[in-house]
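What follows is a single structure, written as structure tokens, with notes after it.
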Amino acid sequence: MSYDINLKHLEYFIKVARLGSINKAAQMLYVSQSHLGKIIHDLEETVGAPLLNRSRQGVTLTPEGNEFLERSVRILKEMEEMHLRPLKEMEKTEPLAVSMTKFSHVMESFITIVRRYQDQPEFTHRLYEGQLEDVIEDVVSGRADIGIFHFDSQRHEEIQVMAAAKGLTYRFLSYVEPQIVISKDHPLVREKKPMTRENLANYGFIRYMGLYDDILSNILGPNEDGGSTGKKKEIYVTGRATLMNLIAQTDFYSIGIHDFDKQLSDFRAVSVPIPGCEVKLEFGYVTLADVPISGIGEEFLKEVRERLERGQDV
């Protein structure tokens with residue numbers, strides 16, 4: 001029996017196993033379905049056992065396939081530690097593919113890491129933004145290797161179960177208190193008034209589409225009129241730059257967390273605590289279960305954690 005197995009083929013097998021489909025894996029790997037199918041068949045011939053159960057719905061792992069997957073992941077991780085990392089300065093930089101919910105702290109962490117490797121001769125990095133569900137699907141599909149998102153900390157168990165059901169592992173990053181993001185020249189800031197729903201009611205509230213709908217009343221307190229801001233002065237946006245520019249040029253406000261690096265210098269905006277707010281935003285990330293995080297991915301997560309915990313007492 002020959003044991004001359006191409007390491008790239010192990011990566012292909014892992015992708016097929018995680019996606020549960022040779023067709024989907026072929027699309028993500030930019031190879032033909034027939035070519036990928038032959039690679040899997042050759043692996044089975046080499047191992048001497050079927051690795052996949054095939055059906056019209058896709059593929060599932062056989063017992064031998066499960067064992068082969070575990071060994072493949074270990075082999076690739078060991079090869080990376082033994083060979084790839086020492087050659088990092090001479091070879092192509094590892095790709096950083098991230099999907100995130102809209103928070104400048106995460107975006108700034110991404111920029112910090114890619115700038116750290118900007119002098120490498122070749123690299124390909126990707127950053128996607130969306131809602132929590134979009135982030136999860138990006139990781140499930142293989143579009144991103146790491147998905148970072150935030151949610152009401154009371155949903156922790158729900159998020160863990162949802163991630164596990166999709167073949168993902170969820171890991172906690174940090175608890176952060178929500179704050180009001182507002183112009184430093186805003187009347188409430190100048191007059192040092194508390195950021196209560198009553199005081200904010202006269203000003204426009206900027207929000208991302210679909211964000212905070214479920215916890216807004218917990219953050220700002222109950223509203224007797226039934227509207228999310230009392231007088232329904234709301235502006236819906238999809239882009240972070242639009243939101244920050246509106247804050248800079250108007251008396252509108254939004255909900256965020258503590259200041260990010262360029263918040264004051266670029267947008268003349270500050271973050272102000274919300275009196276009596278008991279909500280904690282939980283930040284965490286998901287990856288495909290049992291798939292190791294790359295070195296550059298670990299650097300990125302460390303950077304995110306440090307930014308989120310900056311100035312926090314939790």
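The values are calculated or read from the model by the stated rules, or taken from the named source; none is laboratory data. Note that the structure is predicted; figures quoted are calculated from it, not measured. FYI the Cβ positions are ideal-geometry reconstructions off the backbone, even for glycines, and counts take in every protein chain you see. All accessible areas refer to the heavy atoms of the entire protein, side chains included, with ligands and DNA or RNA removed. Shrake-Rupley method; radii C 1.70, N 1.55, O 1.52, S 1.80 Å.
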Report task. Note down the accessible area of K233, probe 1.4 Å, to the nearest 10 Å². Result -> 90
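Excluding the sites themselves, what is the longest stretch of the chain that contains no chymotrypsin sites (Phe, Trp or Tyr not before Pro) in a DSSP loop with at most 13 other C-beta atoms within 10 Å? Please list the in-between numbers first.
Working: sites that count: Y3, Y30.
After excluding every exposed loop site, the longest remaining stretch is 31-314.
As an exercise, use a Förster radius of 22 Å and the Cβ-Cβ distance of K232 and K193 to find the FRET efficiency, rounded to the nearest 0.05. Can you show the working numbers first?
On the way: r = 21 Å, r/R0 = 0.97.
Step by step, r from the Cβ atoms, then E = 0.55.
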Report task. Provide E70, E137 ordered by accessible surface of protein heavy atoms (probe 1.4 Å), highest first. Result -> E70, E137
Query raised in the report: Convex hull over the Cα atoms of the stretch 1-62, averaged projected area in nm²?
Result: 3.9
Query raised in the report: What is the helix-to-structure angle for 33-47, meaning the angle in degrees between its Cα long axis and the longest Cα principal axis of the chain, kept from 0 to 90 and rounded to the nearest 10?
Result: 60
Report summary line: Once all protein chains are kept in place, S294 shows an accessible area at probe 1.4 Å, nearest 10 Å², of 30
Query raised in the report: Which entries in the list K193/K262; K15/K77; K102/K192 go over 20 Å, if you measure between the two C-alpha atoms of each?
Result: K193/K262; K102/K192
Report task. Would you be so kind as to identify which of L7, I274, Y203 lies farthest towards the positive end of the dipole of the chain, taking Lys and Arg as +1 and Asp and Glu as -1 on Cβ and the Cα centre as origin? Result -> Y203
Query raised in the report: If R268, R240 are ordered by their accessible area, calculated over protein heavy atoms with a 1.4 Å probe, which sequence runs from highest to lowest?
Result: R268, R240
Requested in this report: Starting from the Cα gyration tensor of the stretch 248-299, take the square roots of the eigenvalues, sort them a ≥ b ≥ c, and report rounded, prolate or oblate (rounded when a/c is under 1.5, otherwise prolate if a/b is larger than b/c, else oblate).
Outcome: oblate
Query - Nearest 10 degrees, 0 to 90: helix 63-79 Cα axis against the chain principal axis - result: 70
Report summary line: With all protein chains present and a 1.4 Å probe, the order of K184, K102 from largest accessible area down is K184, K102
Requested in this report: Evaluate the distance, in nm, between pseudo-label points positioned 7 Å from the Cα of R240 and of A165 along their respective Cα→Cβ axes.
Outcome: 2.9
Query raised in the report: Tilt of helix 295-309 relative to the longest C-alpha principal axis of the chain, in degrees (0 to 90, nearest 10)?
Result: 20
Query raised in the report: How many nm separate the modelled label positions at R126 and H9, each set 7 Å beyond the Cα in the direction of the Cβ?
Result: 2.6
Query raised in the report: Just how many % of Cα pairs in the chain lie over 27 Å apart, if you round to the nearest whole percent?
Result: 52
Query raised in the report: M79 accessible area, nearest 10 Å², 1.4 Å probe?
Result: 60
Query raised in the report: Expressed as a whole percentage, what fraction of the accessible surface of the chain belongs to carbon and sulfur atoms when a 1.4 Å probe is rolled over the protein heavy atoms?
Result: 49
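Counting only DSSP beta bridges with both residues in the chain, tell me the antiparallel percent, nearest 5.
Working: 27 of 39 bridges.
For the chain, the DSSP antiparallel bridge percentage is about 70.
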